[in-house]
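The values are calculated or read from the model by the stated rules, or taken from the named source; none is laboratory data. Model, not experiment: these values are computed from the prediction. Quick reminder, even Gly has a Cβ in these numbers, built from the backbone with ideal geometry, and neighbours come from all protein chains shown. Note: accessible area is taken over every heavy atom of the protein model, side chains too, but ligands, DNA and RNA are not part of it. Shrake-Rupley method; radii C 1.70, N 1.55, O 1.52, S 1.80 Å.
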There are 2 protein chains.
Amino acid sequence: MDRYIEAVVAIEGSESLAAIQSIVRSSVVPLGYDRFVMFSASPAREDLVDSIYWVEGDWFGKGVTVDAETYVRHCPVTRNFLNVDEPFFWTKVMSARGEKYRVVRTPRGPGFHGLQVPVFGRTGLEGAMSFAGTRIDASARTRAVLTMIGAAAFRAARRLIEAHEPNGASSLSPREREVLRWIAAGRRQADIAASLGLSERTVENHLRRARLRLGVATTAQAIRLAIRSGEIED
Amino acid sequence: MDRYIEAVVAIEGSESLAAIQSIVRSSVVPLGYDRFVMFSASPAREDLVDSIYWVEGDWFGKGVTVDAETYVRHCPVTRNFLNVDEPFFWTKVMSARGEKYRVVRTPRGPGFHGLQVPVFGRTGLEGAMSFAGTRIDASARTRAVLTMIGAAAFRAARRLIEAHEPNGASSLSPREREVLRWIAAGRRQADIAASLGLSERTVENHLRRARLRLGVATTAQAIRLAIRSGEIED
DNA sequence: TTCGGGTTGAGGGAAACTCCTCAACGCGCT
DNA sequence: AGCGCGTTGAGGAGTTTCCCTCAACCCGAA
């Protein structure tokens, strides 16, 4: 079976971030990519980047430490994820007024180029993996490979990292969330009661408790807050 | 380069649905999958499935035509996409009270099994590709292959189909949008009327027209749709 | 000028939702 | 056993929204 598929399987089975990184490296360094950034993201944040899982390689010049803030400030093409839902290549252009990053169809020749691979989930953008290098292979094949490996690596890394961090406790109970989901889907309280096998009163009570917990006055506002915080699917 | 990667590249370059289907078939039939469903979906719809792009093979018994409604009614595991954001295997279980579909970690032995591969985008769930067969390879490798091919095939198919169907983007009027924004912020119609200097009736009328345009039954659902389509800010 | 669309507003009635309090049951935890 | 929490459900009263129809005004396009 294909070696890149094997890499994905190995990534999925990895038990440490270092293991994931090692597999990614050995897979994509031969393709010319030797700088990596992996981060979780949320379109609700205006700076997009939530927290960085992995930074490696010389991104902005020797000796520059890259943290979340630096990365976002220097790499504005990341915001392109708000407009597209596929991986895209970028290239660093040197102009009279300094360096500039630009989204391109195909980066050519030597220079600093990269591929941003977004990872989407139920709530939209969840994170990304970014590959870069000075002499990269930018073929359609390589893009497909990086798309697959980047997505697998991000999911595997997040699985490991979120296992260690106390996950953001959702403020709604399962029932409250379920009722709210149906309301957001356009059902009436009575319909929901029927399809869940509850009394209309119970549905109403769940809704009220949900409003209380979310600290809002109306159900419409609760829908919006719940979507924003990922309690229910957008 | 790997043959499955080549398949993905070929899918991305396809200019017809038939071409995509042909590539998918030749890639996954050797793995035991000979039944396919590809559909666009939206968590906003309570039946989840929007429209079906591709149905092939014997899903529910010989001679049963599968349309969107039949598929959803017979295949409740599809709703599992609301809870997970990774592909999952399912299997058909024969019990005393008829057949039942169940989500499983690994389907074993002969029988009717399948893999559901969700495709996510900026707005969350966008569609899925479903592979099934009676003697399937359910290894981690195959799951990785189907994940990649399913996602590529769905995106390519949607690109082709949406190019033909000019989507009627029905937008809201400025006033409708403004009222909806306030509603989403938790205001009551009467409050909005006061702060916009309108009568309560007018606010109510704007809301009704907004619901009509968005094609939804309740204001709560309108909030969600408007957020999804970017009519109001999240 | 006529036509369509957006905005404004009304009446009347029906349906749905919100708010308050109270209470029972199960489940896990100390 | 006692406690907290989630789930379920009720009565009663009040508020809010929804539905349907009708109509006036303004404005830009045909």
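Here are the criteria: (1) more than 9 Å from DNA strand C (Cβ to nearest atom); (2) at the interface with another protein chain (Cβ under 9 Å from one of its Cβ atoms); (3) in a helix (DSSP H, G or I); (4) not β-branched (Val, Ile, Thr). Tell me which single one A:ALA220 does not satisfy.
Of everything listed in (1) more than 9 Å from DNA strand C (Cβ to nearest atom); (2) at the interface with another protein chain (Cβ under 9 Å from one of its Cβ atoms); (3) in a helix (DSSP H, G or I); (4) not β-branched (Val, Ile, Thr), A:ALA220 misses just condition (1).
Select from region B:172-208 the residues that are assigned to a helix (DSSP H, G or I), more than 10 Å from DNA strand D (Cβ to nearest atom) and farther than 14 Å from B:ILE232 by Cβ and list them in ascending order.
B:ALA194, B:SER195, B:LEU196, listed by residue number.
Can we say B:SER130 is modelled with pLDDT of 90 or more and either open to solvent by less than 60 Å² (accessible area, probe 1.4 Å) or within 16 Å of DNA strand C (Cβ to nearest atom) (or both)? Please lay out each step first, then the result.
On the way: modelled with pLDDT of 90 or more: yes; either open to solvent by less than 60 Å² (accessible area, probe 1.4 Å) or within 16 Å of DNA strand C (Cβ to nearest atom) (or both): yes.
Taking the combined requirement at face value, the residue satisfies it.
For B:GLY114, state whether it is more than 9 Å from every other protein chain (Cβ to nearest Cβ), more than 16 Å from DNA strand C (Cβ to nearest atom) and in contact (Cβ under 8 Å) with a residue 60 or more places away in the chain. Reasoning before the result, please.
Values: more than 9 Å from every other protein chain (Cβ to nearest Cβ): yes; more than 16 Å from DNA strand C (Cβ to nearest atom): yes; in contact (Cβ under 8 Å) with a residue 60 or more places away in the chain: yes.
Taking the combined requirement at face value, the residue satisfies it.
In region A:173-221, what residues are on the phi < 0 side of the Ramachandran plot, open to solvent by 50 Å² or more (accessible area, probe 1.4 Å) and of a type in the set (Gly, Ala, Ser)?
A:ALA194, A:SER195, A:SER199, A:ALA217
Would you check if there is a residue in region A:222-231 being over 30 Å from B:ALA151 (Cβ atoms) and open to solvent by less than 40 Å² (accessible area, probe 1.4 Å)? Working first, answer last.
Quick first cut of region A:222-231, residues over 30 Å from B:ALA151 (Cβ atoms) only: A:222, A:225.
Filter again for open to solvent by less than 40 Å² (accessible area, probe 1.4 Å), leaving A:222.
Yes: region A:222-231 contains one or more residues that are over 30 Å from B:ALA151 (Cβ atoms) and open to solvent by less than 40 Å² (accessible area, probe 1.4 Å).
Can you tell me which residue within region B:13-22, out of those that are open to solvent by 20 Å² or more (accessible area, probe 1.4 Å) and over 18 Å from B:ALA128 (Cβ atoms), is nearest to the other protein chains (Cβ to nearest Cβ)? If you could, list the steps in order and put the result at the bottom.
At the first step, the residues of region B:13-22 found to be open to solvent by 20 Å² or more (accessible area, probe 1.4 Å) are B:13, B:15-19, B:21-22.
If we keep only those that are over 18 Å from B:ALA128 (Cβ atoms) too, we end up with B:13, B:15-16, B:18-19, B:22.
On the way: B:GLY13: 7, B:GLU15: 15, B:SER16: 18, B:ALA18: 21, B:ALA19: 16, B:SER22: 18 Å.
Only one residue tops the list, namely B:GLY13.
Output the helices (runs of 4 or more DSSP H) that fall wholly within region B:1-100 and possess 2 or more residues being modelled with pLDDT under 85, or say none. Write out each step before concluding.
Values: elements: B:3-12, B:17-28, B:68-74.
Counting at least 2 such residues, we get B:68-74.
Taking the condition out of contact with any strand residue (DSSP E or B) (no Cβ under 8 Å at 6 or more places or on another chain) and under 30 Å from B:ILE5 (Cα atoms), does B:GLU162 pass? Spell out the reasoning first.
On the way: out of contact with any strand residue (DSSP E or B) (no Cβ under 8 Å at 6 or more places or on another chain): yes; under 30 Å from B:ILE5 (Cα atoms): yes.
Taking the combined requirement at face value, the residue satisfies it.
When you look at A:ALA151, is it buried (at least 21 other Cβ atoms within 10 Å of the Cβ) and away from chain B (no Cβ under 11 Å), yes or no?
Working: buried (at least 21 other Cβ atoms within 10 Å of the Cβ): yes; away from chain B (no Cβ under 11 Å): no.
No; evaluated as a whole, the condition is false for this residue.
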